[in-house]
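Student: Below is one structure. I have some questions about it.
The values are calculated or read from the model by the stated rules, or taken from the named source; none is laboratory data. Predicted model only: the values in this text are computed from it and were never measured. Virtual Cβ from ideal backbone geometry, glycine too; neighbours counted across all protein chains shown. Ligands, DNA and RNA are excluded from the accessible area calculation, which covers all protein heavy atoms including side chains. Shrake-Rupley method; radii C 1.70, N 1.55, O 1.52, S 1.80 Å.
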Amino acid sequence: MEDLRKFDVIVVGSGIAGLSFALKSADNGYKVAIITKKDSQESNTNYAQGGIASVTSHSDEVELHVKDTLEAGDGLCDRSVVEQILKDGPKGIDALVQKGVAFSQLEDGRISLGKEGGHSKRRILHVKDMTGKAIEQALLHSVKNNPLIESFEHHFAIELITVNKLKKSEQVSKELNRVLGLFVLDVNSNQVETYEAKAVLLATGGIGQIYQFTTNPSIATGDGIAMAYRAGANIKNMEFIQFHPTAFYSQKRERFLISEALRGEGGIIRNFSGEAFMHRYDSRKDLAPRDIVARSIDSEMKQSGVPHLWLDATQIGLATLQKRFPNIYNYCEARGIAIEKDWIPIVPAAHYLCGGVMTDLNGESSLAGLHACGEVACTGLHGANRLASNSLLEAVVMANRGADAIKSYLDKTEPISLKSIRWIDGDLEISDERVVVSHNNEELRRTMWDYVSIVRTNKRLERALNRLNNLEKEINEYYWNFKVDVRLLELRNMITVSKLVIECAQKRQESRGLHYTLDYPQKLEEAVDSIIAKQIK
Ligand code: FAD
Ligand code: SIN
């Protein structure tokens, strides 16, 4: 182990946001570290199916994309942010194409454009139904060949080091609070190392794992948001959790996504009686925005007490299903479902976080030296509900904008040496009682699913908060007394972000977008963000 690792900028996360930012920063001449907690490709990005929304055809207009995004966002989007990010969309697509992403084409050579809920036009670029994997592979290839970028796989970012945390030291006593680096656990050696940089970019993705059922892979534990919150950065709109309407139902916990793009090609949701019921809930039927479709499914399931509904994709035809959706086709086939003739069992599952670390259009958080982009960040693009396939776009656009904007900060900022700063571990060895960690993990996920999901009430939120407070007490005891490991650190972060979700949900005394509560079913006239700032002593 080296004593101290020094970089201009440290990127935490190797999905579309982290990789795009690292590449652009290296192009700008900076020395970059990418810290990532598993293999580099393991990210939400790698599983993205439907594609990336952007205006690329003559029959579409940025203004229409803006209108659709604002409508989905239910009054809470920041219009200027929406306009800027969507205007920059085609540049973001170009950046991906230049890195080697080969978007699917029609037979005549034009780009194939898919359609998803809430979009008034076909505008989703995709690589069959494996868009994320293609993006991830292309970006990782470029990163591997870049001499200014060093990647640290199986390295877990634990905590931001800030001036305030070092306040006893002479060296920093006159400095304003800012981020100076990170404590990172090398998972293979089990050692905590100190990383120094002028700035840190959080690109740690979402929080799906706080729910019992989610489309997200195991990395999505909200680490970045929890770290930023503990360091004192503002956190925004955490109550807006998007539940994807159509995840594959099985008896197991796994929830494989059945892309909305299938509905874009004619797929229909049916209830247990076989009725195509969405017309009863919204005139856009199966292609209404996700909050509406997920709530409608939830209501149909509750009325009839069934464990799942159906997605009927039989009208799409075998040839298109196999060519356009090979990933979904093969997944279902391996489970005995031939989707050209059989209906697919579906349920909603936690999918995407619209809130996160509050940033401006440069990716800057409220804490100097801390930047965020991708799903971990809340720019104001999504408002109360994200329009389908706007997240990959936001991530690539904001990563490129952020990497350019950070230049002036890096150039004018003097690093503070962290040479004498060491992580102090609890002195107890890994305990047999670590079963507490897995038990508490189960309890957290079940609590969030049962009390803080698609339909909420004051009572359910209060119940969830009480349980989380108990879990927090127990886990904090472990954190301070035992040597840290990934499962403990993730659980601690999951408890922190779950409490932030509940706190924001309790603040919002109305139903808007993805936050629906039986106690306040109406929408208030004024749309106000929920912002949480931790009091740093
Ligand atoms: P991620 O891609 O999730 O990357 C996060 C990275 O941070 C990972 O490398 C992770 O290991 C790392 N990390 C996290 N915590 C730590 C830590 N403590 N230390 C070190 N590393 C850490 N969006 C669309 O726009 N279109 C789609 O078609 C689409 N389909 C989707 C399908 C599925 C199944 C899912 C789950 C999501 C989908 N989304 C889609 C959403 C979209 O994929 C994500 O919002 C986006 O990929 C997030 O990218 P990101 O770079 O912000 O984070
Ligand atoms: C999907 O393919 O349905 C997911 C798209 C998204 O989450 O934006």
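Student: Tell me, what HN-Hα J-couplings in whole Hz come from the Karplus equation 6.51 cos²θ - 1.76 cosθ + 1.60 at θ = phi - 60° for each residue of the stretch 133-144, using x for Gly and Pro?
Tutor: Per residue, the Karplus-derived 3J(HN,Hα) values read 4, 5, 5, 4, 5, 5, 5, 5, 4, 5, 5, 4 Hz.
Student: If you place +1 on the Cβ of every Lys and Arg, -1 on the Cβ of every Asp and Glu, and leave all else neutral, what size is the dipole of the chain about its Cα centre, to the nearest 20 Debye?
Tutor: On the way: 67 positive and 71 negative charges, 79 e Å.
Approximately 380 debye in magnitude.
Student: Something else: With each label point set 7 Å from Cα along the Cα-Cβ vector, what nm distance links Val97 and Asn476?
Tutor: 5.3 nm
Student: Give a residue-ordered list of calculated ³J(HN,Hα) values for the stretch 347-356 (Karplus: 6.51 cos²θ - 1.76 cosθ + 1.60, θ = phi - 60°; whole Hz; x for Gly, Pro).
Tutor: Per residue, the Karplus-derived 3J(HN,Hα) values read 9, x, 8, 4, 9, 8, 9, 7, x, x Hz.
Student: Rounded to whole Hz and in sequence order, give me ³J(HN,Hα) for the stretch 181-188 from the Karplus expression 6.51 cos²θ - 1.76 cosθ + 1.60, θ = phi - 60°, writing x for Gly and Pro.
Tutor: x, 8, 9, 10, 8, 7, 5, 6
Student: Give, rounded to the nearest 20 debye, the magnitude of the charge dipole that the stretch 215-369 has about its Cα centre when Lys and Arg contribute +1 at Cβ and Asp and Glu contribute -1 at Cβ. Kindly include the intermediate steps, with their values, before the conclusion.
Tutor: Values: 17 positive and 17 negative charges, 42 e Å.
It comes to approximately 200 debye.
Student: If you count only protein heavy atoms with a 1.4 Å probe, what accessible area per residue comes out for the stretch 39-93, rounded to a whole Å²? Please report the intermediate quantities before stating the final value.
Tutor: Working: 2340 Å² over 55 residues.
Heavy-atom SASA per residue in the stretch 39-93 reads 42 Å².
Student: So which trypsin sites (Lys or Arg not before Pro) in the stretch 1-78 are both in a DSSP loop and have at most 16 other Cβ atoms within 10 Å of their Cβ?
Tutor: Values: sites: Arg5, Lys6, Lys24, Lys31, Lys37, Lys38, Lys67; in loops: Lys31, Lys37, Lys38.
Here the trypsin sites (Lys or Arg not before Pro) that fit, given the DSSP loop and packing criteria, are Lys31.
Student: If the chain between Leu176 and Lys323 were fully stretched, how many nm would it gain, using 0.36 nm times the residue separation less the Cα-Cα distance? Intermediate values should be presented prior to the final figure.
Tutor: Working: separation 147, 0.36 × 147 = 52.92 nm, distance 5.64 nm.
Length gained, Leu176 through Lys323: 47.3 nm.
Student: DSSP loop (so not H, G, I, E, B), at most 11 other Cβ within 10 Å: list which trypsin sites (Lys or Arg not before Pro) in the stretch 92-160 pass both filters.
Tutor: Working: sites: Lys99, Arg110, Lys115, Lys121, Arg122, Arg123, Lys128, Lys133, Lys144; in loops: Lys99, Arg110, Lys115, Lys121, Arg122, Arg123, Lys128.
Filter output for the stretch 92-160: Arg110.
Student: Applying 1/(1 + (r/R0)^6) with R0 = 30 Å to the Cβ-Cβ distance of Val435 and Asn469, what FRET efficiency is obtained, to the nearest 0.05?
Tutor: Numbers: r = 21 Å, r/R0 = 0.70.
That gives a FRET efficiency of 0.90.
Student: Turning to a different aspect of this structure: Rounded to the nearest angstrom and ordered from largest down, what semi-axes does the equivalent ellipsoid of the stretch 242-381 get from its C-alpha gyration tensor (root of 5λ)? Don't jump to the answer; show the numbers that get you there.
Tutor: On the way: eigenvalues 207, 66, 42 Å².
The equivalent ellipsoid of the stretch 242-381 has semi-axes of 32, 18, 14 Å.
Student: For Ser273 and Asn28, FRET efficiency with R0 = 60 Å and r from the beta-carbon atoms, rounded to 0.05?
Tutor: Working: r = 59 Å, r/R0 = 0.98.
So the FRET efficiency works out to roughly 0.55.
Student: Amide H of Ile158 versus every other amide H placed in the peptide plane: which residues, excluding those fewer than 5 positions away on the same chain, fall under 5 Å?
Tutor: Amide H to amide H, under 5 Å and 5 or more residues apart or across chains, Ile158 pairs with Phe183, Val184, Leu185.
Student: May I pose another question? What residues qualify as long-range amide H neighbours of Leu353, i.e. H under 5 Å apart, gap of 5 or more or another chain, H built at 1.01 Å from N?
Tutor: Here the answer is Ile207, Gln242, since their amide H atoms fall under 5 Å of that of Leu353.
Student: Could you tell me what a quarter of the Cα convex hull surface of the stretch 196-292 works out to, in nm² with one decimal place? Write down the numbers at each step before the final one.
Tutor: Working: hull surface 36.8 nm².
For the stretch 196-292, averaging the hull's shadow over all directions gives 9.2 nm².
Student: Tell me, how many Å apart are the Cα centres for the stretch 37-62 and for the stretch 453-482?
Tutor: 34 Å
Student: Ignoring ligands, DNA and RNA, what percent of the 1.4 Å accessible area of the stretch 472-537 is carbon and sulfur? Before the final figure, lay out the partial values.
Tutor: On the way: 1620 of 3420 Å².
Carbon and sulfur atoms account for 47 percent of the accessible area of the stretch 472-537.
Student: Please compute, for the alpha-carbon atoms of the chain, the extent along each of the three principal axes and give them in descending order in Å.
Tutor: On the principal axes, the chain reaches 70, 52, 48 Å in Cα extent.
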